[in-house]
1. Look through the range 40-88, keep the residues that are out of contact with any strand residue (DSSP E or B) (no Cβ under 6 Å at 6 or more places or on another chain) and over 22 Å from residue 28 (Cα atoms), and return whichever of them is surrounded by the fewest Cβ atoms within 10 Å (Cβ to Cβ).
2. Taking residue 268 as meeting all but one of (1) surrounded by fewer than 22 Cβ atoms within 10 Å (Cβ to Cβ); (2) more than 30 Å from residue 110 (Cα to Cα), write down the number of the exception.
3. Buried (at least 20 other Cβ atoms within 10 Å of the Cβ) and among the aromatic types (Phe, Trp, Tyr): is that true of residue 204 in this structure?
4. Are there any pairs, at least 6 apart or on different chains, whose C-beta atoms fall under 9 Å, with the first in the range 188-202 and of a type in the set (S, T, N, Q) and the second at pLDDT 95 or above, and if so, which?
5. Please note which strands (runs of 3 or more DSSP E) are completely contained in the range 75-157 and include at least 2 residues that are within 18 Å of residue 32 (Cβ to Cβ) and under 15 Å from the mean Cα position of the chain (by Cα).
6. Of the residues 180, 207, 164, 213, which single one is closer than 17 Å to residue 124 by Cα and of a type in the set (Val, Ile, Thr)?
7. If a residue must be assigned to a loop (DSSP other than H, G, I, E, B) and in contact with an Asp or Glu (Cβ under 6 Å, 6 or more places away or on another chain), how many such residues does the range 198-214 contain?
8. Any idea how many residues of the range 110-157 are modelled with pLDDT under 95 and buried (at least 23 other Cβ atoms within 10 Å of the Cβ)?
Amino acid sequence: MSETRPGPTPPVAFAGSIPEVYERCLGPMLFEPFAQDLAGRFAGFEGRLLETAAGTGRLTRALAQALEPQARITATDLSEPMLAEAAARLPDPRVAWQAADAQALPFEDESFAAVVCQFGVMFFPDKAAAYAEARRVLKPGGRFVFSVWSDLAANDFTHAVTEVLAEAFPADPPDFLTRVVNGYHDEAVIGEALIAAGFSEAGFEIVTLPTPVASAQAAAFGLTHGSPLRPDLEARGRLAEVEAAVAARIRARFGDPPAGRGRALLTTATV
């Protein structure tokens, strides 16, 4: 049996109506293209797979389609509201939903043939612990595959948001996107941490994909209402103003409907 693990770390505030807006608006635009790409890399997989930071289940649904019928998925997230949104959208007996902290997983050693995480690692306060936990629960020969957003300038719509925020709040711009979402993509830093956690090697790939959305207004609404930016902007009394400015910036730069692109760093670490 595994040793007793510490309690969970409080999640970033994905609560209230944010999970529904996140899934409905940001999901198709930012996450679905990369979910399909990542899931395709597991075509033919037959074993037991753990997903951490599953959010509203975008990647989980893509994996359920790509994996062999005998495969089993355990999809976890620290946010129970996000998991509830995910479970409601995928009533599949092959998928088990469980609230869990990626930094203190409630599973025995060598329980899974693969661990995957789409755009979640950058939210982990203790990344070294999360890497060590992924290594602990993997079987010999297993792989840990995860994506993080690449540099901000290469992610069109989120870059536009940060520009607007810097102009709207020159003395104190909200830094959720720059500090967290697009703040962790240094290959040397990630690779060193994975090797320290016990992985034998780590490989990296840049993945650039279109980020389709029906309109500039839809993109702006999702980006301002579907993330922890929302409570910050509401507290400052400028949510509607920033949303309108983001829509105008995206429309001017990328058209309407806008033709934007996103860039991710995909990491594969092997045991």
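1. Among residues in the range 40-88 that are out of contact with any strand residue (DSSP E or B) (no Cβ under 6 Å at 6 or more places or on another chain) and over 22 Å from residue 28 (Cα atoms), the one surrounded by the fewest Cβ atoms within 10 Å (Cβ to Cβ) is 69.
2. With respect to (1) surrounded by fewer than 22 Cβ atoms within 10 Å (Cβ to Cβ); (2) more than 30 Å from residue 110 (Cα to Cα), residue 268 is out only on (2).
3. On the way: buried (at least 20 other Cβ atoms within 10 Å of the Cβ): no; among the aromatic types (Phe, Trp, Tyr): yes.
Criteria not met by residue 204.
4. Within 9 Å, the pairs are 200/269; 200/270; 200/271.
5. In the range 75-157, the matching strands (runs of 3 or more DSSP E) lie at 112-118, 138-149.
6. 180
7. 0
8. 1
The values are calculated or read from the model by the stated rules, or taken from the named source; none is laboratory data. Source: prediction; values computed, not measured. Cβ coordinates were reconstructed from backbone atoms using ideal geometry, including for glycine residues, and neighbour counts include every protein chain displayed.
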